[in-house]
Amino acid sequence: MEEKLKNRHALAVSREYPQANFTWIISLILSLIFLGNSFSFKTGDMNMVLFAFFIAYLTTALFQFFIAWRMKHDLLGHGEIRKGTRRLGYVQLISLATGNVFAAAFAFNIINKRKTPEYTFAVYMFLTQLFVIAISAMNIFKPYVTDTFPVAMAVLLGIALFHVAVLIIVAKSVKEVEAPRSLGVVAVIVLLTAVTGNIFALLLGWSLLLKSMSNDRSRIMKWNVMWEKITRNSMAAMGMFFIILMLTISVVSRFTFDYDLAVANDYGNILQQPSLAYPFGTDNFGRDVFSRIVFGARISLIVGFASTVIPAVIGGFLGGIAGYYSTRTDNVIMRLLDILYAIPGILLAIAIIAAFGANTMNLIIALSVGSIPTYARTMRANVLMVSNYDFVDSARALGTSDMSIIFKQVVPNSMAPMIVKSTLTIGGAVIATSSLSYLGLGVEPHIPEWGNILRVGSTYLESHSYLAVFPGLAIILLVLSFNFLGDGLRDALDPRLD
Amino acid sequence: MKLGVSALLKRTFLEAHGRAMYRFLLYLTGLPLHLLVYLFYLLKRKDRTYAAMMAEVEWELADDRINYVKEYEGQLLRKAEFFEEKRSREEIHREAVKLAEARLKEEAARRADERLTQNGVRKETYAAYFLSLLDRPLFLVASILPGIVMYCWLFLMSNPFLKYIMERLVQSVFVIIGVGILVFSILYISPFDPASNILGESATKEQIAAFNRIHGLDLPYLHQLWNALRGIVTFDLGSSFAGSEDVASSIKNKFPVTFTIAMFSVVMAIVIAIPVGILSATRPNSFLDTTFMFIALIGLSIPNFWQGLIFILNFSIKLNWLPATYSPGNVWSMIMPVIVLGTGLTASIARMMRSSLLEIIHEDYIITARAKGLSKSQMLWKHAVGNAMIPVITVIGLMFGGMLGGAAVTEKVFNIKGIGSYIVDKQFIPDIPAIMGGVVYIAITISLVNLLIDILYAFLDPRIRSKMKQS
């Protein structure tokens, strides 16, 4: 009886079992989406490629369901997942070929019993590299490729092979709080591969350096706990994966994609349906929509980050001062910010752009100004809370200057909510960017930006709807990723949830 | 009765006297009365006891001064030693003298007050004199005419609700004026020249000058700003630059469309999101909860215009169920815009409701309610949902603003002739009165909605009520 209860508990606390369920559900949903799109109700035609995808995803989902069932059986019967079940993960790795990143991430997760943050980083680092190569490889079907394409692809493949090696080393040798000293060299090389924009490599390198060089156990434990909390939430991890994939793509696309295909007019290829050469078709000027979307990621990320960092710094500064100093300073700053807060962000942006013209720089400024008050309010609330803590009082009693208290005690301790807030608002900034571009008030029309692509697409909605569908999907995916990551960060950093 | 009134007046007078801003208003509203009373005060003030006493005490304390300086010097030296700071003797001496002076003053005032109360004399100030007058019914009756404004104001102040509402109103007025100044200034410093944009490149200097004169663009900044603000208050914004239509009346025609759609969206959001939030919170981490929250997050991540386009593609073009563009009077054509505009709000409210209710379910008083034997649904409906709604209503108020702003995009997609698309159409010139009017009137609407919600709270939320009474 007691045994049974213990096993039940094992099932309830298992982190892998919910992920297994989540994976089969999402694979099933994806397969249904493929099925729905493979059949045209109007003409009765079947799209064989999409139907093949449906079969592949359905198979993955069914196999995943089987794994989940085995896991439940194991957990209830033995209190742990048995080796045989874990081996099934190797089979599930095949789903990587269909691009099912959910199943692949799960498979990597189940194979290894001992989960260190390094292993998770290494898995996602490798997946990112693989997807970047796959997306870049789509260029092979184009009539011509850019000059740097072969070299860049070779380098990317080399890095990917190296990443596989690192993944195996990490899985075999890195322990909970320590790593062999010799891994320091590997860590440095991993750090170097982060220049492709692969932040997972940066995280892995840093983490390996920390474990192989530092003896500060509490610091390592803190690092472990924080990342374990973030990656435990599989949606947050997926969000992070997709954001970093976008970032890597926008760095690598400089060498693997031809910018001319995205901007130069090609009147011989106007409004082509999606094909292997043009995966998302071409627009009314014959430009390749796939390349345009890939290059659009760059603008969206830059504008999104800039219009989040600028107001976070300015608003954080103002809010910090308002919260720390007297009521009068507080009143003056916050009442002035109330004025900004009373105008909806988009309207203020429209007014600013009306006054100074539509270009990327003005767009960033316009979006930044509108969100200063939100950050100021968040920061002020935190500072008000933190500056009442005892350690601030003791710093004051020791005669520390105000500036030093603010920057050494108060600011570091009120950063967590600001980070969460920023992550959650980057998504909003991405939406605002594309919305304004769609209205013709954002990025200059000749630059490939998701809102601009959609603007073109909206005029061909009836005949060539794919022009409007794909850039919209890209926007949703990126925004959704930021929102999932933000939710995950909030759950991980909120001390109340400990 | 008379006594009650004068006690109330006295209490409020004292309270208001404590804060600089209110003190100023107090004297301003009762200016005629105060002038008269002040004359009497000057005439009748016989003793200069307080000043004399101060001088006496200060003279007595002269000896202590040296002691104070020495004492502070010692303290400062020890402090410098402890923190290993290098400070010159002179510097320390100077600081010690400063501290000693401050303490001397404090001490003198304290002693003088002490002695005066011992002798049964009070410090004679104008405020005290006025307060003593308020005790006399005869004075009250006599002063009712010159002081009517001030008395009304004091009565307003004496009621915490009225005071709160008034403060909130004043704040909103300032915010609205600030919005006007801000938007006008942004448009004023614009490098674009509306005259040459409208008249074309071939316009002569005289034509441009005439255009600027007609629209008041040749006036100095402050004058133009004054005109713009006055125009907002009097609903007379002049005519737009292009097409010279009356801006105020175009806004009046377009605003109801936007507002109606926004209101329907809010209603839709509340009807859908609150039950969803409650269902999710009562079954945390279940399959239902996860699915709902997943859908809500997708709803938050969909750009309005894309959702609109996909709706048009599916429901208008492919299925031919609903009209693709909005036409006034056709209820069917309103469905898609309302859903598109309300999606983000629905998602936010559902998420907010869930987290707010989850937080409240774990409060002690809910556990008490369960312990005293209430069933789960009784506990939920009697104690939890009402309290969980409080932050949700705030979110609705705040999001309503974002919705009116975001309406511009939705209106463009469905070709609705609302205020949002009006502003967007006018911004290319830039048509200063039109943009200014549109933005400021939307900001005013948002401020009013939030004001209403805040006032509603003052009546509904017991926590705010007790806080107001304390202050």
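Numbers for the structure displayed
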quantity	calculated
Wholly within the stretch A:288-370, helices (runs of 4 or more DSSP H) carrying at least 3 residues that are within 11 Å of chain B (Cβ to nearest Cβ) and over 30 Å from B:Asn197 (Cα atoms)	A:327-342
Any pair with Cβ under 8 angstrom, 6 or more apart, that starts in the stretch B:114-128 at a residue that is under 21 Å from B:Leu39 (Cβ atoms) and ends at one that is open to solvent by 100 Å² or more (accessible area, probe 1.4 Å) and modelled with pLDDT under 70	B:Ala128/B:Arg122
Yes/no for A:Ser218 being in a helix (DSSP H, G or I), modelled with pLDDT under 90 and of a type in the set (S, T, N, Q)	yes
Subset of the stretch B:48-85 [part of a helix (DSSP H, G or I), farther than 19 Å from A:Gly399 by Cβ and either of a type in the set (Lys, Arg) or open to solvent by 70 Å² or more (accessible area, probe 1.4 Å) (or both)]	B:Glu56, B:Glu58, B:Trp59, B:Glu60, B:Asp63, B:Arg65, B:Ile66, B:Asn67, B:Lys70, B:Glu71
Residue pairs meeting the criteria (Cβ under 6 Å; at least 6 apart or on separate chains; first away from chain A (no Cβ under 11 Å) and surrounded by 13 or more Cβ atoms within 10 Å (Cβ to Cβ), in the stretch B:279-297; second part of a helix (DSSP H, G or I) and β-branched (Val, Ile, Thr))	B:Phe292/B:Val276
Condition check for A:Arg455: of a type in the set (Lys, Arg) and either open to solvent by less than 30 Å² (accessible area, probe 1.4 Å) or within 12 Å of chain B (Cβ to nearest Cβ) (or both)	yes
Enumerated helices (runs of 4 or more DSSP H) restricted to the stretch A:70-139, each holding at least 1 residues that are closer than 15 Å to A:Trp24 by Cα and open to solvent by less than 40 Å² (accessible area, probe 1.4 Å)	A:83-92, A:101-111
Residue match in the stretch B:99-113 (condition: of a type in the set (A, V, I, L, M, F, W, C) and open to solvent by 80 Å² or more (accessible area, probe 1.4 Å))	no
Positions within the stretch B:331-376 being of a type outside the set (A, V, I, L, M) and under 24 Å from B:Trp306 (Cβ atoms), in sequence order	B:Trp332, B:Ser333, B:Pro337, B:Gly342, B:Thr343, B:Gly344, B:Thr346, B:Ser348, B:Arg351
Tally of residues being in a loop (DSSP other than H, G, I, E, B) and either modelled with pLDDT of 75 or more or open to solvent by less than 80 Å² (accessible area, probe 1.4 Å) (or both) across the stretch B:121-136	4
Answer residue from the stretch A:439-452, given it is within 16 Å of A:Gly357 (Cα to Cα) and of a type outside the set (A, V, I, L, M, F, W, C) and is farthest from the other protein chains (Cβ to nearest Cβ) among those	A:His446
Residue match in the stretch A:290-305 (condition: polar (S, T, N, Q) and within 30 Å of A:Gln409 (Cα to Cα))	no
Of residues in the stretch B:377-414 being buried (at least 17 other Cβ atoms within 10 Å of the Cβ) and among the charged types (D, E, K, R), the one farthest from the other protein chains (Cβ to nearest Cβ)	B:Glu411
Unmet criterion (only one of (1) touching a residue at least 24 places away in the same chain (Cβ under 8 Å); (2) open to solvent by 10 Å² or more (accessible area, probe 1.4 Å); (3) over 27 Å from A:Leu489 (Cα atoms)) for A:Ile169	(1)
Qualifying residue in the stretch A:391-408 (condition: more than 24 Å from the chain's Cα centre (by Cα), within 14 Å of another protein chain (Cβ to nearest Cβ), of a type in the set (D, E, K, R) and over 30 Å from B:Gln427 (Cβ atoms))	yes
Criterion violated by B:Ser88 - all others in (1) within 20 Å of B:Gly18 (Cα to Cα); (2) open to solvent by less than 70 Å² (accessible area, probe 1.4 Å) satisfied	(1)
Condition met for A:Ser387 (more than 14 Å from chain B (Cβ to nearest Cβ), in contact (Cβ under 8 Å) with a residue 40 or more places away in the chain, farther than 30 Å from B:Gly401 by Cα and not basic (Lys, Arg))	yes
Selection status of B:Ile442, within 28 Å of B:Ser244 (Cβ to Cβ), at pLDDT 80 or above, open to solvent by less than 20 Å² (accessible area, probe 1.4 Å) and facing another protein chain (nearest Cβ under 9 Å)	yes
Tally, over the stretch A:305-364, of residues that are touching a Ser or Thr at 6+ places or on another chain (Cβ under 9 Å), of a type in the set (Gly, Ala, Ser), at pLDDT below 90 and open to solvent by 20 Å² or more (accessible area, probe 1.4 Å)	2
Residue check, A:Leu436 within 13 Å of chain B (Cβ to nearest Cβ), among the hydrophobic types (A, V, I, L, M, F, W, C), open to solvent by less than 20 Å² (accessible area, probe 1.4 Å) and within 25 Å of A:Ile346 (Cβ to Cβ)	yes
Pair list, Cβ < 7 Å and 6+ apart or interchain, from the stretch B:6-25 residues that are part of a helix (DSSP H, G or I) to residues that are acidic (Asp, Glu) and surrounded by fewer than 15 Cβ atoms within 10 Å (Cβ to Cβ)	B:Ser6/B:Asp135
Wholly enclosed helices (runs of 4 or more DSSP H) of the stretch B:137-216 bearing at least 3 residues in contact (Cβ under 8 Å) with a residue 60 or more places away in the chain	B:137-143, B:148-158, B:160-188, B:194-199
Residue list for the stretch B:298-326, filter: of a type in the set (Phe, Trp, Tyr) and either within 11 Å of another protein chain (Cβ to nearest Cβ) or open to solvent by less than 50 Å² (accessible area, probe 1.4 Å) (or both)	B:Phe305, B:Trp306, B:Phe311, B:Tyr326
Members of the stretch A:390-422 found to be open to solvent by 70 Å² or more (accessible area, probe 1.4 Å) and touching a residue at least 40 places away in the same chain (Cβ under 8 Å), listed by number	A:Ile419
First in the stretch B:448-471 and acidic (Asp, Glu), second anywhere and modelled with pLDDT of 75 or more and part of a helix (DSSP H, G or I), Cβ under 7 Å, 6 or more apart	B:Asp454/B:Arg168; B:Asp461/B:Ile390
Qualifying residue in the stretch B:263-284 (condition: at pLDDT below 90, more than 30 Å from B:Met379 (Cβ to Cβ) and not in a helix (DSSP H, G or I))	no
Residue check, B:Ser244 touching a strand residue (DSSP E or B) at 6+ places or on another chain (Cβ under 8 Å) and among the small types (Gly, Ala, Ser)	no
Residues that are under 30 Å from A:Ile230 (Cα atoms) and of a type in the set (Gly, Ala, Ser), drawn from the stretch A:121-152	A:Ala122, A:Ala134, A:Ser136
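The values are calculated or read from the model by the stated rules, or taken from the named source; none is laboratory data. Being a predicted model, the structure only gives us computed values, none of them experimental. Methodologically, a virtual Cβ is constructed for each residue, glycine included, from the backbone with ideal geometry; neighbour enumeration extends over all protein chains shown. To get the accessible areas, we keep the full protein, side chains included, count just its heavy atoms, and leave off ligands, DNA and RNA. Shrake-Rupley method; radii C 1.70, N 1.55, O 1.52, S 1.80 Å.
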